[in-house]
Amino acid sequence: MRFVPPLASVIGSQVDGLFWFLCGLSAFFAALIAGTILFFCIRYREGADADRSHPPPRNLPLELTWIAIPFAIMLGVYWRGAQLFLRERKPPPDAQQVLVVAKQWMWKTQQSNGRAEINELHVPLGRPTKLLMTSQDVIHSFFVPAFRLKQDVLPDRYTTLWFTPTRVGEFRFFCSQYCGMGHASMIGRVVVMRPKDFEKWLASGRTPGAPQEQDPGRILFRRKGCVACHRKVDGQGPPLEGIFGKTVLLSDGRTIVADEDYLLESILYPAAKIVAGYPNIMPSYKGQLTPEEESQLVSYLERYGTGRQKEPRP
Amino acid sequence: MSDARAHYLNAGHSMRSWLLTKDHKRIALLYLASVTALFFVGGSAAVMFRLQLLTPHGHLVLPETYNKLFTLHGIVMVFFFLVPAVPTVLGNFLIPLMIGAKDLAFPRINLLSWYLFIAGAALALGATLYGGVDTGWTFYTPYSSVFSNTYVVATVMGIFVAGFSSILTGLNFIVTIHKMRAPGLRWFRLPLFVWAIYATSFMFVLATPVLAMALLLVGLERVLHLGIFNPALGGDPLLFQHFFWFYSHPAVYIMVLPAMGVISELIPCFSRRRLFGYEFVVMATFGIAFLGFLVWGHHMFVSGQSAFAGLVFSFLSFVVAVPSAIKVFNWTATLYKGRIRFHTPMLYALGFIGLFTIGGLTGLFLATLGVDVHVHDTYFVIAHFHYIMVGGSVMAYLGGIHYWWPKISGKMYPDALGRWAAVLIFVGFNLTFFPQFIVGYLGMPRRFYMYPPEFQVYNVFSTAGASILALGYLLPLGYLLWSFWYGPDAGDNPWGASGLEWKTSSPPPVRNFETKPVVDEEPYDYEGGRYG
């Protein structure tokens, strides 16, 4: 009989640490309250000969004490929980990226070299991996108990999840946001491999004789003609190298951080936010790309010009 | 009902005298019958899916049936039992009695509230009979507004209609408590139960319209294809979650504040003590009611809302834990130097404190951002909120029913049997829900009609516990009904309790008091008191 799930990520052991601290804290307070009640119930039961003179109607110092002490402890717990949360929300810049697309009722994952899987996700041991996730229909949630992580996956929007696996093996992942009839069958497995095995596995997905270039986002970037305007110098559109995560100045004076949702919006509705210093001439790509192609392009732009656009790294 | 004295129960025996009554006590009994029936409807659904979960493969019912069962359970239990139970049954019966009034301020509106409630319940249950709804009680979009092929619109309209019952009931209580208190019954002489209902009424009035609006928008998006929540039409699915939890988090406190009010009556009575720190408990009640409006985002830490919102909502959730802790400590301190008796209501009250404490402490896990990311939407959450709502609210409701039953019916039930039932419920409850904390941390997501085999052992415990719990709930149904007709007369004040409701006869006369009461004592005036 297991009491905790297998543990296979760096953040997971920190989550467990905080969890056990909370368990201890709860056990202490539950025992304190139950013990006090039990003691009073025996001592002051009707018929027991006990001193009942001058029962206090209230006691200000006591009230303030049992407000202040629990609150102070809770502030500490809050702080630690927030720390972990912020860590979970901030992928390291060198994380390798996998695209995750959810739909009723399956998961599709795609490595940046184009290798795709259904209800499976291969990742290398000890290297940070970042999932860029979106849904094609309702809200789902990607949940890996062994990593102590989950994140809802939304339609028409990107969410991310990152982790550094610490154990080789296979670990279940679930859909944890109710999504209809097949919700319980949206189960898959994360396969954590040694980096060498992972590279081999990654390369084995490539059809022999196929062109070297397999990154579907990069192919789209060229085929759809993006690169014609978004050149490094003298382009009609703003250069996109290293755009992801940068603060962009817009023509109306606002600034915006270029995240996945901004990139997607700029592809589908280019006129919504115009970059300062550039004309509003880009046509909309709404309807020109399948949702999957949209995701591949956004995923590519995230890595574009960062030296990571050609996966796998040596 | 053989006695010659006139009281509200023998004031008329026709169907019409019940269905068109404007007497708050009779309306309370109408609610009692309705919410009891609905409780067993919701409970039966739970029995079905607990049986399904006995084995990992889910062979008993089809996946779509399973999804409809847990949806039915959630909708009925939340909207048609937990939210109305204590306010409409005990509140309706007791508020006028406790403040020395002859009825609520608007008796006709009170009856209208019951009819709205019944109409809403009929719509929602009618949808179930037609084929049911499978969205979960949370109706998350765009699943509910676009993808589900079940009777979503009828169900949300049922909840929409029942919402007006809540709003009108809340208004009625607020006006009554403001305008109709007996001479001498100053604000700080009010029993805690009245304070709790008063605070809850504000939540009814302020929060329910938001739910009504959100559900209406879901209906509009389904029927007219307006793009409100559906991203394919330019809507925002997270917007629905904000609307929904803006009501449904305060709703948690709507379910638990009146329960706390009940406990604040029971503990002093069976300890023969004034409630310790009365003023602090009152303040804590309002602290909870106010802060309850500011924590809805803690249901959405992993939803895609911003990290900053997560930080703020997590912090506020820790803050709202403080007034709840204040209450638990004050109830415990009330036992000190008391003269404690363990009648049935007191056992429920003590059980409440224990289970509510565990529910509250495990709530801290969920308020803690880093931990919630792991346990969110797992059975850990299921266990936590059942400790609050069943271990808390239902225990308090049953404790209150047992405490005021002699006043309501004029009859006494077999106390020994009552105590056994209370113990059975306590044991069955823990066996059902404690294992769910563990299986939740192990990673079992909620709303799964089948599950990986490593989770089975905990589910077997849960199902075993649920069968004990079901038996525990059937017992009071049996002996309370029996005592209503055949029980021995209880007398006007069998517990020797303080409070105006005990100063009139049992069952109370139609106008509640023969002579208008005047209050010249503090609440819970038990000092040095013996039992009657």
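Structural remarks
- By the beta-carbon count within 10 Å of each Cβ, the least crowded to most crowded order of A:290, B:344, fewest first, is A:290, B:344.
- Rounded to whole numbers, the Karplus 3J(HN,Hα) couplings from phi for the stretch A:3-20 are 10, 10, x, x, 10, 9, 9, 4, 5, x, 6, 6, 5, 4, x, 5, 4, 5 Hz, using 6.51 cos²θ - 1.76 cosθ + 1.60 with θ = phi - 60°, and x at Gly and Pro.
- Note on chain A: with a GNM built from Cα contacts shorter than 10 Å, the maximum mean-square fluctuation among A:25, A:263, A:250 falls on A:25.
- Distance (nanometres) between label positions extended 7 Å along Cα→Cβ at residue B:62 and residue A:72: 6.1
- Taking a straight line from the alpha carbon of residue B:102, these aspartates and glutamates sit under 13 Å away, with near neighbours fewer than eight places off in the same chain left out: B:23, B:501, B:514.
- Close amide H contacts of residue A:149 (hydrogens built in the peptide plane, cut-off under 5 Å, sequence separation of 5 or more or a different chain): A:144.
- Label zone of residue B:216 (point 7 Å out along Cα→Cβ, amide N under 12 Å): in the stretch B:146-190 this covers B:160-161, B:164.
- Site pair residue A:32 and residue B:286 shows an inter-label distance of 2.8 nm when each label is modelled 7 Å from Cα along Cα→Cβ.
- Set B:327/B:503; B:22/B:516; B:337/B:407; A:108/B:68 screened for pairs whose C-alpha atoms are more than 22 Å apart: B:327/B:503; B:337/B:407; A:108/B:68
- Placing a label point 7 Å from the Cα of residue B:102 along the Cα-to-Cβ direction, no residue of the stretch B:172-215 has a backbone N closer than 13 Å.
- With R₀ fixed at 60 Å, the C-beta to C-beta distance from residue A:170 to residue B:206 puts the FRET efficiency at about 0.75.
- With the charge dipole of the stretch B:24-502 set up from +1 on Lys and Arg Cβ and -1 on Asp and Glu Cβ about the Cα centre, the Cα lying farthest toward the positive end among the listed residues B:168, B:132, B:120 is that of B:168.
- Phi-derived couplings, Karplus 6.51 cos²θ - 1.76 cosθ + 1.60 at θ = phi - 60°, listed residue by residue for the stretch A:254-269: 6, 10, 8, 7, 6, 9, 4, 5, 5, 4, 5, 4, 5, 6, 7, 10 Hz, with x used for Gly and Pro.
- For the protein assembly as shown, the equivalent ellipsoid derived from the alpha-carbon gyration tensor has semi-axes of 55, 28, 25 Å in decreasing order.
- Hz values of 3J(HN,Hα) by residue in the stretch B:109-120 - Karplus curve (6.51, -1.76, 1.60), Gly and Pro given as x: 5, 4, 5, 4, 4, 5, 5, 4, 4, 5, 4, x
- Between residue B:489 and residue B:308, the FRET efficiency estimated from the beta carbon spacing at R0 = 60 angstrom works out to 0.45.
- Computed from Cα atoms, the angle from the helix B:24-52 axis to the main principal axis of chain B rounds to 40 degrees.
- What you get for the stretch A:10-135, charging only the Cβ of Lys and Arg (+1) and of Asp and Glu (-1), is a dipole of about 460 debye around the Cα centre.
- Pairs of lysines in the stretch A:200-295 (C-alpha under 18 Å apart; 8 or more residues apart or interchain): 5
- Segment residue B:530-residue B:11, extension gain: residue separation times 0.36 nm, minus the distance between their alpha carbons: 183.4 nm
- Net charge dipole, the stretch B:149-277: roughly 860 debye, given to the nearest 20, about the Cα centre with Cβ charges of +1 for Lys and Arg and -1 for Asp and Glu.
- FRET E, pair residue B:115, residue B:223, Förster distance 35 Å, beta-carbon r, rounded to 0.05: 0.85
- The dipole here belongs to the protein assembly as shown: it is taken about the Cα centre, uses +1 on the Cβ of Lys and Arg and -1 on the Cβ of Asp and Glu, and is about 400 debye.
- Inter-label distance, nm, simple model (7 Å from Cα along the C-beta direction), residue B:434/residue A:59: 3.0
- Taking amide H atoms as placed 1.01 Å from N in the peptide plane, the amide H of residue A:58 lies under 5 Å from those of B:277, each 5 or more residues away in sequence or on another chain.
- Multiplying the residue separation of residue A:48 and residue A:271 by 0.36 nm and subtracting their alpha-carbon distance yields 72.1 nm.
- For residue B:378, the residues whose amide H sits under 5 Å from its own are B:446, ignoring neighbours fewer than 5 places away on the same chain, with H placed 1.01 Å from N.
- Prolate/oblate/rounded label for the stretch A:130-221 (Cα gyration tensor, a/c 1.5): oblate
Readers should treat all values here as calculations from the given coordinates under stated rules, not as data from a laboratory. No experiment lies behind these values; they were computed from the predicted model shown. Don't worry about glycine lacking a Cβ; one is built from the backbone with ideal geometry, like all the others, and counts go over all protein chains shown.
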